[in-house]
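Visitor: Starting off with a structure, shown below.
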Amino acid sequence: MNQHAARLDPVSIPFIDLAAQRRRLGRSIDEAIARVLAHCQFILGPEVRALETKLAEFCGARHVVTCASGTDALILVLMAQGIGPGDAVICPSFTFTATAEVIALVGATPVFADVEEKSFNLDPASLQRACAAAREAGLRPKAVIPVDLFGQPADYDRIMPIADAESLFVLDDAAQAFGATYKNRRLGVLAPATATSFFPAKPLGCYGDGGAVITDDEELAQVIRSLRVHGEGRGKYDCVRIGLNGRMDTIQAAVLLEKLKLFPEELLARERIARRYSARLADVATVPRLAPGSTSVWAQYTIRVAPGRRDGLADALKACGIPTAVHYPIPLHRQEPYQRFPVAAGGAPVSERLADEVISLPMHAYLDAATQDRIIDAVWGALAI
Ligand SMILES: Cc1ncc(COP(=O)(O)O)c(C=O)c1O
């Protein structure tokens, strides 16, 4: 290879290194998949139930119902709650589209609330204002979907009393935060229902799409089990409600069972890497702030930079072979399909500021110190001017 070219063209690093994890897990996953190929129970095979039991143990919850994706997990809960036309469901504007999309898909109306400056999570005061906005629009506020953004739990001690006072069902969108804790309790038991995602890039990801609903409510779990198989009743051709095809493939369950064994160790690695980033970047950017009593699974490590500096930083890092991502460049209430829905009084100014200032750096459990130093040096090089 031409040495000169190699120097000018730095080796690119991955944003999330799934191959590094695969190298560590490789054979065990291959063997787990081979077992499914041997027994041929591709739909709701034994690995699915085994995974549900392990996930429930992990969260300290009574029931886990796996499903085809995090999006389906959210929809299944809204369907089970009978939420539909005329109902308002409040959610933060600063989140991934799926949080609001599912509300519209069941025929209800998303009502957007703002997030807090420190945590990027739902602002309880704005939640209260969003309920008022829903009523003014002639809607019945029925539920709230707090999101545990980037892996950090929302502030449930402040959200729950408002939800109780407003008679809102709370559906935790923990798509990015499976494994995180809030005051020593794992997500999954903080709300009556929690939805999560096992999309490959998530801290616990499978090799395709996957998701789960976590709940202590036996009846809700049963309804969701029925809904995920076309609303089946006692038998396959006994239909008791309108459902969908929302099952997790057995092969994905087999993958997750293997990955779950390493997950606690990977969470510690993520925590160590996030602390190292924060210690070294705090003087040059606004680093993530964890609320006391919370842990994050660091689905993203997202910093804030001064308005107008983000594109320059992304370009400088790209030139060094370092990918970045913007989660999320446009708050949902400003996205074209969602502009017609109500927003809490006062709007969502924090969501708008964050959309202009946040940038996520490479983050995964296998990010070694030398690579991380390269990223940190590049950020300093771009921002300390
Ligand atoms: C906050 C949030 N909610 C829901 C989802 C949907 O999950 P899935 O991609 O598994 O459908 C995602 C996925 O990225 C997400 O980040």
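Visitor: Under 5 Å between amide H atoms, partner at least 5 residues away or on a different chain: which partners does GLY347 have, H built in plane at 1.01 Å?
Guide: none
Visitor: What percent antiparallel are the DSSP beta bridges of the chain, to the nearest 5?
Guide: About 60 percent, rounded to the nearest 5.
Visitor: Give me a comma-separated list of calculated 3J(HN,Hα) values for the range 36-41, in order, Karplus coefficients 6.51, -1.76, 1.60 applied at θ = phi - 60°, integers in Hz, x for any Gly or Pro.
Guide: So the Karplus estimates, Gly and Pro as x, are 5, 4, 6, 8, 6, 8 Hz.
Visitor: Okay, helix-only estimate at 222 nm for the chain: each DSSP H run of n ≥ 4 adds -39500 (n - 2.57), divide by all residues, round to 500 deg cm²/dmol; what do you get?
Guide: -13500 deg cm²/dmol
Visitor: Here's another thing I want to ask about it. Test of understanding: what is the full-extension gain from GLN339 to LEU25, defined as 0.36 nm times their sequence separation minus their Cα-Cα distance?
Guide: Extra length available between GLN339 and LEU25 comes to 108.6 nm.
Visitor: Give me the accessible area per residue for the range 263-383, probe 1.4 Å, as a whole number in Å².
Guide: Per-residue accessible area for the range 263-383 comes out at 44 Å².
Visitor: Per-residue HN-Hα couplings for the range 17-32, Karplus 6.51 cos²θ - 1.76 cosθ + 1.60 at θ = phi - 60°, whole Hz, x for Gly and Pro?
Guide: The phi angles translate into 9, 5, 5, 5, 5, 4, 4, 6, 9, x, 5, 5, 5, 4, 5, 5 Hz.
Visitor: Name the residue, out of ALA61, ALA370, ALA20, whose mean-square fluctuation peaks in a Gaussian network model built on the chain with Cα pairs under 10 Å.
Guide: Greatest mean-square fluctuation among the candidates belongs to ALA370.
Visitor: Something else: Taking a probe of 1.4 Å, how large is the accessible area per residue of the range 48-199, in Å²?
Guide: Per residue, the range 48-199 has an accessible area of 31 Å².
Visitor: Okay, next question. Compute the separation of the alpha-carbon centres of the range 234-301 and the range 314-354 and state it in Å as a whole number.
Guide: 22
Visitor: OK, next. Ignoring the sites themselves, what is the longest stretch of the chain with no trypsin sites (Lys or Arg not before Pro) in a DSSP loop and at most 15 other beta-carbon atoms within 10 Å?
Guide: It runs 119-182.
Visitor: Can you check what the net charge comes to around TYR156, using other residues whose Cβ is under 14 Å from the Cβ of TYR156 (Lys, Arg +1; Asp, Glu -1)?
Guide: Local net charge: -4.
Visitor: How much of the accessible area of the chain, in percent, comes from carbon and sulfur atoms when a 1.4 Å probe is used?
Guide: Percent of accessible area from carbon and sulfur atoms in the chain: 54.
Visitor: Additional query: Could you give the dipole magnitude of the chain about its Cα centre, charging the beta-carbon of Lys and Arg +1 and that of Asp and Glu -1, in debye to the nearest 20?
Guide: Its charge dipole is roughly 540 debye.
Visitor: Let me ask something else about it. Using the structure shown, select from LYS54/LYS183; LYS118/LYS259; LYS118/LYS142; LYS142/LYS259; LYS54/LYS202; LYS183/LYS259 the pairs with a Cα to Cα distance greater than 30 angstrom.
Guide: LYS118/LYS259; LYS142/LYS259
Visitor: Along the charge dipole of the chain, pointing to its positive end and built from +1/-1 on Cβ of Lys, Arg, Asp and Glu, which listed residue (THR97, PHE15, GLY293) has its Cα farthest out?
Guide: Result: PHE15.
Visitor: Which value, in debye to the nearest 20, describes the size of the charge dipole of the range 314-385 about its Cα centre when Lys and Arg Cβ atoms bear +1, Asp and Glu Cβ atoms bear -1, and nothing else is charged?
Guide: Here the size comes out at about 240 debye.
Visitor: Along the three principal axes, how long is the range 21-259 when you take its alpha carbons, biggest first, rounded to the nearest angstrom?
Guide: Here the spans come out as 58, 44, 27 Å, largest first.
Visitor: With a sphere of radius 11 Å drawn around the Cβ of GLY45, what net charge do the other residues whose Cβ falls strictly inside it have (Lys, Arg +1; Asp, Glu -1)?
Guide: For residues surrounding GLY45, the net value is +1.
Visitor: Take the chain, connect every pair of alpha-carbon atoms lying under 10 Å apart with a spring to form a Gaussian network, then pick out the residue of ALA369, ALA253, ALA212 with the largest mean-square fluctuation.
Guide: Judging by the Gaussian network model, the answer is ALA369.
Visitor: Given springs between every Cα pair under 10 Å in a Gaussian network model of the chain, which of LEU187, LEU55, LEU18 has the largest fluctuation?
Guide: The residue that fluctuates most here is LEU18.
Visitor: If you average the C-alpha positions of the range 100-141 and of the range 158-225 separately, how far apart do those two centres end up, in angstrom?
Guide: 18
The values are calculated or read from the model by the stated rules, or taken from the named source; none is laboratory data. It should be emphasised that the depicted structure is a prediction, and the values quoted were computed from it without experimental measurement. Ideal geometry is used to build each Cβ from the backbone, glycine not excepted, and the neighbour counts take in all protein chains shown. For accessibility, only protein heavy atoms count, side chains too; no ligands or nucleic acids. Shrake-Rupley method; radii C 1.70, N 1.55, O 1.52, S 1.80 Å.
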